[in-house]
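Take a look at the structure set out below.
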Amino acid sequence: MTSIKKNLLGLLLVLLIAVPPFLDLGWQNALVNVLIASLFALAFNLLNGQAGLLSFGHAAYFGVGAFAALHLMIAVEDGLFFPTPLLPLAGAGAGLLVGLIAGYFTTMRSGVYFALVTLAIAELFHSLAPHLEGIFGGEAGVSSMRMPWMGFSFGTILEVYYLTLGWVVLCGLGLWAYTRTPFGRLTLALRDNEQRVKFLGYNAHYAKVIVFSVSAMIAGVAGALQAISNEAANYSLFAGTVSAQVVLQAFVGGSTVFFGPVIGATIFTLFSFLVSDLTRSWLFYQGLIFVLVMLYAPRGIGGVLDQHIRNRHQLDWAKMSGPYLAALGGGLLIVAATVFLTESAEVLFGQDYEMARDAVTNGLPAYELFGLSWSPVNPLTWTLPLILLSGGIFVLIRARRLIDQHWAQGNKDRAALDATSASTGTAGGAE
């Protein structure tokens with residue numbers, strides 16, 4: 001890990017410790033959700049990004065960890081002595097146990113077959129949970145309360161936040177340390193060429209079971225933290241949307257970079273927190289973000305940032321600042337046009353259709369956007385966003401060409417410098 005990455009992580013940790021007490025309850029709760037989503041994404045990416053095993057059912061281990069923690073919380077309420085800060089250990093144990101069992105069978109297959117088996121296991125939990133009331137509480141779910149410990153009541157969101165932060169940092173560092181071990185390197189070899197791992201004498205199946213189990217264990221910790229935060233859970237934690245969400249977060253953040261999924265989890269969690277109350281189309285925008293990132297930045301946002309950090313010395317940032325600012329401006333124009341068209345279509349054809357029709361019939365604007373009132377039958381309502389969209393695409397294409405030229409020049413200069421250094425070293429050795 002480069003010094004600049006360590007400095008950024010250190011600064012981020014300082015901000016996560018120092019800033020939350022000055023935020024309101026809504027933002028504190030949002031940050032708790034960000035931390036939990038980040039840990040869940042890291043657990044998923046250990047399996048996907050490190051071992052190359054794409055799971056479509058990781059919600060199973062997240063949900064199992066949540067219910068295990070809740071049952072332990074109920075036991076603590078009934079008089080069992082167990083420190084509240086250690087409750088996530090129940091989620092870790094449950095996730096590890098279920099992960100060992102499920103992992104043994106799922107890792108017998110690879111590729112799309114592995115993904116389908118993981119999906120089937122999660123759907124099995126989702127189908128059975130409402131009927132197993134003794135374990136999962138039926139459709140109502142299971143609820144409990146956080147109990148005080150060592151002078152901490154854990155009755156405020158801020159206390160829950162710092163408990164969550166401690167576990168996320170601990171598990172995150174543990175996962176990073178795992179990737180630096182010889183077995184972590186073997187995990188990468190499994191992803192790149194499983195046949196070669198077998199030829200070297202390793203049991204590839206058992207190795208994949210171990211990776212799967214560790215991933216499920218950390219996912220269980222994330223689920224336990226979710227249960228501690230909400231003090232309740234129901235069978236919806238096993239739903240396919242939970243598994244799909246972590247897949248989106250990992251790929252948008254960058255599954256090839258260790259902390260990339262954290263970026264994706266942060267973006268999507270804060271996006272839902274900020275935008276879900278403003279429009280019913282927020283899931284459409286979230287899906288659009290995923291599609292665009294996969295099309296134009298397959299390595300994810302973290303991969304793009306990592307590429308810039310690695311090549312920061314070979315690029316002329318004074319010359320590149322202009323094209324990047326132009327690309328940002330073009331992107332903002334496209335975003336504005338997309339929001340304009342989507343919200344207009346939502347009013348004209350969506351659930352507000354009757355209200356919009358009555359408003360237009362009476363000669364009134366149908367909705368407000370960007371601080372102005374608009375009518376869906378006014379030609380300007382559709383012409384303006386199309387103009388913005390065309391202009392944004394034009395600016396973005398021109399800016400991208402300039403950016404590509406600067407990157408090509410930087411790579412050429414780097415290659416020339418390396419060739420010069422090599423020839424100088426050779427000449428010096430000859431002398």
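The values are calculated or read from the model by the stated rules, or taken from the named source; none is laboratory data. Just so we're clear, the structure is a prediction, and the values are computed from it rather than from any experiment. Every residue, glycine as well, gets a Cβ built from its backbone with ideal geometry; the counts of neighbours run over all protein chains shown.
Reported count of residues in the stretch 299-316, each being more than 15 Å from the chain's Cα centre (by Cα) and either in a helix (DSSP H, G or I) or exposed (fewer than 13 other Cβ atoms within 10 Å of the Cβ) (or both), is 10.
For the stretch 40-62, does any single residue satisfy the condition of being in contact with a helix residue (DSSP H, G or I) (Cβ under 9 Å, 6 or more places away or on another chain) and on the phi > 0 side of the Ramachandran plot? Lay out the reasoning, then the answer.
Within the stretch 40-62, the first condition is being in contact with a helix residue (DSSP H, G or I) (Cβ under 9 Å, 6 or more places away or on another chain), and the residues that meet it are 40-62.
Okay, now just the ones that are also on the phi > 0 side of the Ramachandran plot, so 52.
Within the stretch 40-62 (the criterion being in contact with a helix residue (DSSP H, G or I) (Cβ under 9 Å, 6 or more places away or on another chain) and on the phi > 0 side of the Ramachandran plot), the answer is yes, since at least one residue qualifies.
For (1) within 30 Å of LEU80 (Cα to Cα); (2) touching a residue at least 40 places away in the same chain (Cβ under 8 Å); (3) not polar (S, T, N, Q), each residue gets a yes or a no:
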| position | (1), (2), (3) |
| --- | --- |
| GLY95 | yes, yes, yes |
| ILE101 | yes, no, yes |
| PHE105 | no, no, yes |
| ALA122 | no, yes, yes |
| ILE157 | yes, yes, yes |
| TYR161 | yes, yes, yes |
| ARG191 | no, yes, yes |
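Of the helices (runs of 4 or more DSSP H) lying entirely inside the stretch 178-290, not one is found with 3 or more residues being among the basic types (Lys, Arg) and surrounded by fewer than 18 Cβ atoms within 10 Å (Cβ to Cβ).
Looking for whichever is touching a Leu at 6+ places or on another chain (Cβ under 7 Å), farther than 30 Å from LEU188 by Cα and in the same structural domain as ARG299 (by TED's automatic domain parsing) here; the options are LEU35, LEU53, LEU72. Which one fits?
Values: LEU35 fails: farther than 30 Å from LEU188 by Cα; LEU53 fails: farther than 30 Å from LEU188 by Cα.
Of the residues listed, the single one that is touching a Leu at 6+ places or on another chain (Cβ under 7 Å), farther than 30 Å from LEU188 by Cα and in the same structural domain as ARG299 (by TED's automatic domain parsing) is LEU72.
So, LEU158, is that one surrounded by 18 or more Cβ atoms within 10 Å (Cβ to Cβ), at pLDDT 90 or above and in a helix (DSSP H, G or I) or not? For LEU158, the condition - surrounded by 18 or more Cβ atoms within 10 Å (Cβ to Cβ), at pLDDT 90 or above and in a helix (DSSP H, G or I) - is not met.
What are the residues in the stretch 370-387 that are aliphatic (A, V, I, L, M) and in a helix (DSSP H, G or I), if any? Scanning the stretch 370-387 gives LEU380, LEU384, LEU386, ILE387.
Do you know which residues across the stretch 123-151 are in contact with a Pro (Cβ under 9 Å, 6 or more places away or on another chain) and either surrounded by fewer than 16 Cβ atoms within 10 Å (Cβ to Cβ) or farther than 28 Å from ASN29 by Cα (or both)? Passing the criteria: GLY138, GLU139, MET150.
Can ARG180 be described as modelled with pLDDT of 85 or more, within 30 Å of GLU77 (Cβ to Cβ) and among the basic types (Lys, Arg)? So ARG180 does not fit the description; no. None of ALA120, ALA115, ALA75, ALA41 is modelled with pLDDT of 90 or more and buried (at least 24 other Cβ atoms within 10 Å of the Cβ) except ALA41. Within 21 Å of the chain's Cα centre (by Cα), among the polar types (S, T, N, Q) and either assigned to a helix (DSSP H, G or I) or on the phi < 0 side of the Ramachandran plot (or both) - does that describe any residue in the stretch 5-15? Checked against the condition, which is being within 21 Å of the chain's Cα centre (by Cα), among the polar types (S, T, N, Q) and either assigned to a helix (DSSP H, G or I) or on the phi < 0 side of the Ramachandran plot (or both), the stretch 5-15 yields no hits at all.
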